[in-house]
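> Sharing a structure below in structure tokens format, with a few things to ask.
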Amino acid sequence: MIDTSILHKAFADRFGRVGIAYAAPGRINLIGEHTDYNGGFVFPGAVEQSITLVISPNGTDRVNAYAIDLQLEASFSVNDTDGPSDVNMRYVYGVVREMIAAGVSVAGFDVVYGGDVPLGAGMSSSAALECCFATALNDLFGGGRLDRMTMAKIGQATEHKYVGVMCGIMDQFASMYGRKGSLMRLDCRSGEYEYFPWNPEGYKLVLVNSSVKHELVGSPYNDRRRSCERVAQMAGVETLRDCTWRQLEELRPRLADEDYRRARYVLGEKDRVLAVCEALQRGDYEEVGCQMYLTHDGLAKDYEVSCDEIDFLVDEARRVGVTGSRIMGGGFGGCTINLVKEGLYDRFCSEVKNSYKNRFGIDCQIIPVLVGNGARRL
């Protein structure tokens, strides 16, 4: 987490008074990628890296926001129906407008924010930002009356309406509901969830950030969602969650090859999430790792959201003997998530950094995973 004293000082220097601090984390997802908007299961957890803000009402109708990391500022009225054009500030504007639509009487405020969730790394910095602002505005202007799932949906609506990414609910759910020492299985159709203790003795989770960032805004992410929706419609089900393997194979002659492969991945991933839950209950981390590799193969070949750099990192994990590895997040760059035996951890980190630099001429970033708490006032 960013040192909040830096934000407090920046707020005082900029606005001449004291503010209140809030934080919301980024997330990892052990397994269950691109299943949330298909009504399936996901298995995320919050991390200690967070977006943090310092905020105070200002007695006007204007929002004055400063992103300290990006050195970016914006000012807009809470009643503005257009909002700022900069995509980073549209997250702030979108949360404000969606909170108002949910019945919270948001008035003007001053805010400084920043964080240590790597941008573009697949750790959901945008969801952390949305959940941090929703939590703060709910506290300051709503008397805390909105529940966490409502605020998660406000974050999701912000992505849909103001940024153009038709994401599922997983990222915002994890940022809101995270619990230190636990991962969560979320049923994205019913909203039911269950905490699973995460303390894999003899193993560590580590992210490797490829330092390759491809924006999800625009067609690549949304095209895949539309593929899934087409198949679901032809199968006569609401989402691919309810499509069976038999139905998919019967439809295959009528499907575009691309749509078939997208659906094949989703149905396989639905099965893999449940297989991982069963493996965790019996402490079988080798099976967890096997399912992670299978997920990556599906994401790379059928869903086609990987890239050369990410595939190289997963291949290196296999070569070194890592238990499980896969791309994490929406895709097109970002991180791999790796389940590594403790005795192999140092070797893996050293070798993958060297081999990646030799292959691509850029540095990858090693990010140890510590599972943390969800959105909160500090």
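Values in this text are rule-based calculations from the coordinates and carry no lab data. If you're wondering where the values come from, they're calculated on a predicted model, not measured in any experiment. For neighbour counting, all protein chains shown are included, and Cβ atoms are generated from backbone atoms with ideal geometry for every residue, glycine included.
> State yes or no: is R224 basic (K, R), without any contact (Cβ under 8 Å) to a residue 60 or more places away in the chain, assigned to a helix (DSSP H, G or I) and crowded, with 18+ Cβ neighbours inside 10 Å?
It is false that R224 is basic (K, R), without any contact (Cβ under 8 Å) to a residue 60 or more places away in the chain, assigned to a helix (DSSP H, G or I) and crowded, with 18+ Cβ neighbours inside 10 Å.
Okay, residues lined up against (1) outside any strand (DSSP E or B); (2) surrounded by 21 or more Cβ atoms within 10 Å (Cβ to Cβ); (3) on the phi > 0 side of the Ramachandran plot:
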site: S175; (1), (2), (3): yes, yes, no
site: N199; (1), (2), (3): yes, no, no
site: L205; (1), (2), (3): no, yes, no
site: V231; (1), (2), (3): yes, yes, no
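> Additional query: Under the condition of being β-branched (V, I, T) and in a helix (DSSP H, G or I), which residue from segment 1-29 is nearest to G122 (Cα to Cα)?
The residue in question is T4.
> Hey, among V54, V106, which residue is surrounded by 19 or more Cβ atoms within 10 Å (Cβ to Cβ) and in contact with a His (Cβ under 6 Å, 6 or more places away or on another chain)?
V54
> What number goes with the only condition from (1) surrounded by fewer than 16 Cβ atoms within 10 Å (Cβ to Cβ); (2) touching a residue at least 12 places away in the same chain (Cβ under 8 Å) that R90 does not pass?
Of (1) surrounded by fewer than 16 Cβ atoms within 10 Å (Cβ to Cβ); (2) touching a residue at least 12 places away in the same chain (Cβ under 8 Å), only one is false for R90: (1).
> Among the residues of segment 233-266, count how many are assigned to a helix (DSSP H, G or I), free of Cβ contacts under 8 Å to residues at least 40 places away in the same chain and in contact with a helix residue (DSSP H, G or I) (Cβ under 8 Å, 6 or more places away or on another chain).
Total meeting the criteria: 13.
> Would you check which residues across segment 105-147 are closer than 18 Å to N29 by Cα, among the aliphatic types (A, V, I, L, M) and touching a helix residue (DSSP H, G or I) at 6+ places or on another chain (Cβ under 7 Å) and list them?
Listed by number, the residues that qualify are V117, L119, A127, A128, L129.
> If I ask for residues that are more than 15 Å from A46 (Cβ to Cβ) and part of a strand (DSSP E or B), which ones from segment 356-367 would you list?
Q365, I366
> Run K161 past the list (1) within 20 Å of A46 (Cα to Cα); (2) part of a helix (DSSP H, G or I); (3) among the basic types (K, R) and report the number of the one that doesn't hold.
With respect to (1) within 20 Å of A46 (Cα to Cα); (2) part of a helix (DSSP H, G or I); (3) among the basic types (K, R), K161 is out only on (1).
> State whether the residues of segment 58-65 include one that is buried (at least 24 other Cβ atoms within 10 Å of the Cβ), among the hydroxyl-bearing types (S, T, Y) and touching a residue at least 40 places away in the same chain (Cβ under 8 Å).
no
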